[in-house]
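Undergrad: There's a structure below that I have some questions on.
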Amino acid sequence: MTKLAIIGGTGLTSIDDLNITKKEVVQSPFGAPSGILQTGELFGTQVLFLPRHGPSHTIPPHKVNYRANLWVLKQAGIDTIIAVNAVGGIDADLLPGQIVIPDQVIDYTTSRTNTFFEEGLKEVVHIDFTEPYCNGLRQKIISVCDEQGITYKGQGTYAATEGPRLETAQEVNRLERDGCNIIGMTGMPETALARELDICYACIAVVANQAAGRSTETITMDMITKNLNEGIQTVRQVLSKVIPLI
Ligand code: HPA
């Protein structure tokens, strides 16, 4: 049975190496997920792939049905997820194309349904979220990066912002004062929902741009797409070595 899923973000709406054996249209009690579930063989292992923004990259971060996505993956028997997320780099040494394996997240989102535990409860539920990412999985990704001589940051705090607009320069300064190293719009509530479902979840964040105000360049979608291409090659290299370890 397939136990591992990859959730692809901007720059990863499909995986060329995935040998697709099954495509399934699925529904959830929370509505439709971002797209069909694709099962296939990836680097010798059965995996399930779901592009977070839909197959044609049309679902913006604040409109992703995170609960539907996580619920259908759990129903499919998934117990481990590697999420790939495009981010802006706050730290001066984080350059476009580099990857970060965050160990913490701060949630700045404002308009998203962020829990499965809200109705029909026998008792109120509070999950432990001290360590938001699955450390065992993070360490596997980190050891592969070391082995492969990849330039990466093995820890960092992910600021999950609402979007879809990018930040002001002063918002980025505030996030930095809060201790954040990278900014993205899709890290939450996805990470917390995975924990609610007891799924081991880690994130490979790909730096698409320097955060607002941190370079003189205007941040454009073209720039993000171009920079992500390079980073996604690194993600592919990491996946090819980490998937057989899971
Ligand atoms: N900010 C928020 N989300 C992002 C960015 C950014 O600079 N780049 C890619 N996703």
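Undergrad: Tell me what the chain gives for mean residue ellipticity at 222 nm when only DSSP H runs of n ≥ 4 count, each as -39,500 (n - 2.57), the sum divided by the residue total, rounded to 500 deg cm²/dmol.
TA: -8000 deg cm²/dmol
Undergrad: Rank V124, V47, V26 by mean-square fluctuation in a GNM of the chain with C-alpha springs under 10 angstrom and give only the top-ranked residue.
TA: For the chain, modelled as a Gaussian network with Cα springs under 10 Å, the answer is V124.
Undergrad: Follow-up. What shape does segment 1-112 take by its C-alpha gyration tensor, where a ≥ b ≥ c are the square roots of the eigenvalues and a/c under 1.5 counts as rounded, a/b above b/c as prolate, and the rest as oblate?
TA: oblate
Undergrad: Mind computing the radius of gyration and Dmax over the alpha-carbon atoms of the chain? Å is fine for both.
TA: Just the Cα atoms of the chain yield Rg and Dmax of 17.0, 54 Å.
Undergrad: Using a/c under 1.5 as the rounded threshold, could you call segment 127-223 rounded, prolate or oblate? The axes a ≥ b ≥ c are square roots of the C-alpha gyration tensor eigenvalues, and prolate needs a/b larger than b/c, oblate otherwise.
TA: In terms of gyration-tensor shape, oblate.
Undergrad: With a 10 Å cut-off between alpha carbons and a GNM built on the chain, which of T109, T80, T168 moves the most?
TA: Checking each option, the largest mean-square fluctuation is seen for T168.
Undergrad: Follow-up question, since we're still on this one. If exposed GluC sites (Glu not before Pro) are those in a DSSP loop with at most 14 other Cβ within 10 Å, what is the longest stretch of the chain that has none?
TA: 1-117
Undergrad: Something else: What does the net charge come to around G88 if you take all other residues with beta carbon closer than 10 Å to its beta carbon, with K and R at +1 and D and E at -1?
TA: With Lys, Arg at +1 and Asp, Glu at -1, the net is 0.
Undergrad: Something else now. Could you give the DSSP H helices of the chain that reach 27 angstrom or more along their long axis (alpha carbon positions) and whose average Kyte-Doolittle hydropathy is no lower than -1.0?
TA: For the chain, where a helix must reach 27 Å along its axis and average at least -1.0, the hits are 221-242.
Undergrad: I need the shape label for segment 175-246. Rule: rounded when a/c is under 1.5, else prolate if a/b > b/c, else oblate, with a, b, c from the alpha carbon gyration tensor.
TA: Oblate shape, in that a/c is at least 1.5 and b/c is the bigger or equal ratio.
Undergrad: Among DSSP bridges having both ends in the chain, what percentage is antiparallel? Round to the nearest 5.
TA: Here the antiparallel bridges make up roughly 35 percent for the chain.
Undergrad: When the Cα centres of segment 140-155 and segment 82-119 are compared, how far apart do they sit, in Å?
TA: So the separation of the two Cα centres works out to 19 Å.
No value in this document is a laboratory result; all are computed from the given coordinates. Here the structure is a predicted model, which means the values were calculated and not measured. Heads up, the Cβs are rebuilt from the backbone with ideal geometry, glycines too, and the neighbour counts pull from every protein chain shown.
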